[in-house]
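The structure under discussion appears below in the form of structure tokens.
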Amino acid sequence: MVLESYENLKKRAEKELEKINRSKMIQIQVGSATCENAAGSEMVAAEFLKHIKASGRSDVIIRRVGCTGRCSLEPIVSISVPGKKLVTYKQVDRDGVHDIFITHITGGKIVDKYLLPPCEVVMKEKKTEAQRQLISQPITHEFFEVFGDVPFYCQQSRIALRNSGLVDPENIYEYIHFQGFSSLSKVLEKNDSKAVIEEVLTSKLRGRGGAGFPTGVKWGFAVKNPEKEKYMICNADEGDPGAFMDRSMLESDPFSIVEGMIIAGFAIGAKRGFFYIRAEYPLAVQRIEDAITICREHNLLGKNILGTDFSYDLEVRLGAGAFVCGEETALIHSIEGERGQPRIRPPFPANHGLWGKPTIINNVETLANLPALIAIGGAEFSKIGTEKSGGTKVFAVSGKVVHTGLVEVPMGTTLRQIVYDICGGVPNGKKLKAVQTGGPAGGCIPENLMDTPVDYESLGEVGSIMGSGGLIVLDEDDCMVNVAHFFISFTQSESCGKCTPCREGTTRMKEILEKITTGQAELKDLDHLERLSHLVQKASLCGLGRSAPNPILSTLHYFREEFLSHVVDKRCPSKKCTNLVRYEIDPEKCVGCTMCARNCPVQCISGERQKVHRIDQSKCIKCGKCLEVCRFGAVNKG
């Protein structure tokens, strides 16, 4: 019955897609996620549409797809001509649209200026046997068939992001065409929730939201609870600075997350599920809401899904942007209409959660893995990754790196491979100083530990965490004291204030770091900072407070000399801490042009025309304007 219903759904999807006759059309694929739109993809799509109308071409269509993850080169446009391999262009602007339409679409010649060049063969050969097997799977091979020859993509192993940049996120028929809901039909046909949990246990899938708790074990706690009413929650309250994985998946492949939620709901025996999405993600909210509505229309949500006895529905609840609501119990309180504050655990949500009922909370990436996991099988899924962690991990790579964007790699891939092999290393000839993983709860890992594998245990051993997947690259110009101050400032402002160790401890840590960055600290302050960090780590109520000191402790451990320079020498080696910077004029180079004096906002520079000028340090506000306007290199920053 289930398979018959699904086959009918597939036939309907193919029939709807055949109406457009895409196999015989030239397709222009333009990204439509928030990042692409911000880079100008809407303008690009509109310009292509103008050219299509002006040319009278009826064999050319525009497809709006999700984000491919190549943030540094957006807008990205792919041209698919029947019988030929897809061609991908980068940083397409209005002139690029004209060139691509006239030269490529009309003339049949590739426009080299905007082309993303093919990937080197040696990169393909680096793939493991497990990765090669993954690519051959029907549910995951399409992305690599399309983008597998493009640098940045060819070394990745896409499971959670398998459809991103490939399908129209608002078209359920495209999702079904790419094996969408086949895993759900497989699960419902077998009608064995225990078998689903066993498959997830076999896969070694661990929660991708930060803690890395085994997903199958977590589900088992709820299943064992005799309470009949249970709830499923998707945590999409992505609040880490530098993290945008969940937003991209929700916007680019919403049906996959919905399918994952239905499979999870069936496994734990829930009848109702919730998406908890921050309100700052309006496009993600819209696409998930639309996906839910469309799924109801196709009997994939609601009563008697695909003709079975299983009934299940979803709804969206919006978060107000509180970082603490990423913590499970605070998130539950928010959905219940209460203030988003954590509570003491146990009891854990799997036993006593939403409205006092057993509740399972998984993050977006965990759920995005489920359809592929079921399709591939838990045993095959477990072959990708490490002994303790199966599958892949998505990272949002940002900061001082050539290619920023979303990267999905097998668990166990090293930080060096991500930063250098996939993302191109540090730009402008600068040296890598550290990478910060795990957001405000993570730590800073120095360059000499870049061969650390990305898995929960290895990152923990070097003083950081996996977190939800933020990875910020820092170069030689970054001040590690300033980095620690940034993260503790974020955590302190986001603290809910319920427990004293977090509320007061983060405030005191921030104050000590402010003393250090302004040159007012003494050596004893470093001892106070370290001792206070350990206290907050041990005594805070929830994970936000307990992990808040991680950026401080890791930077103190690996970059203590930098802290000592701030405290003892009253200087910032990276010249980032404004109060520890001095602007001075080199008398050998100053020609007395008065440019610096005329542009100084506080008139702290004195000197006559054609004579050496001087800066009054007591008045200088360290704005750097003098350095900016000097044409003779006479102003030094030190």
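Derivation of every value follows stated rules applied to the coordinates shown; laboratory data play no part. From a predicted model like this one, the values you see are computed outputs, not experimental measurements. With ideal geometry, Cβ positions are generated from the backbone for all residues, glycine too; neighbour counts draw on all protein chains shown.
Reducing region 576-625 and region 297-314 to their Cα centroids gives an inter-centroid distance of 72 Å.
Listed here are the pairs 393/433; 433/510; 230/510; which of them are more than 30 Å apart at the Cα?
On the way: 393/433 23 Å; 433/510 23 Å; 230/510 41 Å.
In this structure, 230/510 lie more than 30 Å apart at Cα.
Note on region 172-382: antiparallel DSSP beta bridges, both residues inside, total approximately 10 percent of the bridges counted. With semi-axes defined as the square roots of five times the eigenvalues of the C-alpha gyration tensor, the equivalent ellipsoid of region 274-338 measures 27, 15, 7 Å, largest first. Provide the net charge surrounding residue 279, with neighbours chosen by a C-beta distance below 13 Å and charges set as Lys +1, Arg +1, Asp -1, Glu -1. Once positives and negatives cancel, what remains is -1. Each peptide in 488-501, 175-188 was scored by the mean count of other Cβ atoms within 10 Å over its residues; highest first, the order is 175-188, 488-501.
Under the combined filter of DSSP loop state and at most 14 neighbouring Cβ atoms within 10 Å, region 298-399 retains these GluC sites (Glu not before Pro): 336, 338, 387. Taking all Cα-Cα distances within region 481-569, those exceeding 14 Å account for 58%.
Cross-link partners for residue 589 among the lysines, with Cα-Cα distance under 23 Å and sequence neighbours closer than 8 places in the same chain left out: 575, 611, 619, 622, 625, 637. Near residue 11, which aspartates and glutamates are there with a Cα under 15 Å away, not counting those fewer than 8 places off in the same chain? Residue 11 reaches 174. In region 582-637, Rg over Rh equals 0.89, where Rg is the alpha-carbon radius of gyration and Rh the Kirkwood radius from pairwise Cα distances. The GluC sites (Glu not before Pro) of region 567-638 that meet both conditions, a loop assignment by DSSP and at most 11 other Cβ atoms within 10 Å of the site Cβ, are 588, 608. Using R0 = 30 Å, the C-beta based FRET efficiency linking residue 344 and residue 457 works out to 0.65.
Computing FRET efficiency as 1/(1 + (r/R0)^6) for residue 192 and residue 145, where r is the C-beta to C-beta distance and R0 is 51 Å, gives about 0.95. Here's the picture: a label point sits 7 Å out from the Cα of residue 24 along the beta-carbon direction, and within region 33-73 the residues with their amide nitrogen under 14 Å of it are 58-60.
With the charge dipole of region 323-401 set up from +1 on Lys and Arg Cβ and -1 on Asp and Glu Cβ about the Cα centre, the Cα lying farthest toward the positive end among the listed residues 371, 392, 347 is that of 392.
Compute the normalised compactness of region 30-77: alpha-carbon radius of gyration over 2.2 N^0.38 Å, N being the residue count.
Relative to the rule-of-thumb radius for its length, region 30-77 sits at 1.19.
The trypsin sites (Lys or Arg not before Pro) found in region 414-485 that occupy coil by DSSP, while having at most 14 further C-beta atoms within 10 Å, are 430, 431.
Under the 0.36 nm per residue contour assumption, what length would be gained going from the current alpha-carbon distance of residue 568 and residue 303 to full extension?
Extra length from residue 568 to residue 303 when fully extended: 88.5 nm.
Listed by Cβ neighbour count within 10 Å, with the fewest neighbours leading, 164, 193 appear as 193, 164. Full extension of the chain between residue 136 and residue 629 yields a length gain of 171.7 nm, computed as 0.36 nm times the residue separation minus the alpha carbon distance. For the pair residue 113 and residue 606, the difference between a 0.36 nm per residue extended length and the Cα-Cα distance amounts to 172.5 nm. Convex hull volume of the C-alpha atoms in the chain, normalised per residue: 172 Å³.
The label-point distance for residue 379 and residue 93, in a model that sets each label 7 Å from Cα toward Cβ, rounds to 5.5 nm.
Computing FRET efficiency as 1/(1 + (r/R0)^6) for residue 524 and residue 582, where r is the C-beta to C-beta distance and R0 is 25 Å, gives about 0.45.
Taking a straight line from the alpha carbon of residue 15, these lysines sit under 23 Å away, with near neighbours fewer than eight places off in the same chain left out: 24, 186.
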